[in-house]
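*Asks:* So that we are looking at the same thing, I have put the structure below in structure tokens.
The values are calculated or read from the model by the stated rules, or taken from the named source; none is laboratory data. Values in this document were obtained by computation on a predicted structure and should not be read as measured data. Glycine also receives a Cβ, built like all others from the backbone with ideal geometry; neighbour counts cover every protein chain displayed.
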Amino acid sequence: MKFDKNIAHLSFITNAIRSVKVDGAVLEIGVGGGGTSIVINKFMDEESINRPFYAIDTFYGFTQEDVDFERKKREARRIGTSAIDPTVRIGAQKR
């Protein structure tokens, strides 16, 4: 199993899970080898955090068809940036 997350990254994740006081689930999108999922699950167990934890992955990545669909049909609607390319400012003029 590949596990390339560093300690600071895991610390950030576990601190966020501990400090965010909401009733919702914890969701990991893009599981990869599953190492972070194991750490999160064990952490929540040890801290008695009784929220659902879901780990979601495509398992095979996205097809070019999926990427094209997202780019063409689901125009970015996030405030201020493009969901496809966060460096692109929506409504900003090119210089």
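*Asks:* What are the pairs with Cβ atoms under 9 angstrom where one residue, in the range 1-21, is surrounded by 10 or more Cβ atoms within 10 Å (Cβ to Cβ) and the other, located anywhere, is at pLDDT below 80? Sequence gap at least six, or different chains.
*Replies:* Cβ pairs passing all conditions: Ile13/Lys5.
*Asks:* Restricting to the range 13-35, and then to whatever is modelled with pLDDT of 90 or more and part of a helix (DSSP H, G or I), can you tell me which residue is nearest to Gly61 (Cα to Cα)?
*Replies:* Result: Ile13.
*Asks:* Cβ-Cβ under 7 Å, sequence separation 6+ or interchain: first residue in the range 44-57 and over 22 Å from Gly33 (Cα atoms), partner charged (D, E, K, R). Which pairs?
*Replies:* Sorted first by the residue in the range 44-57, then by its partner, the pairs are Glu47/Arg18.
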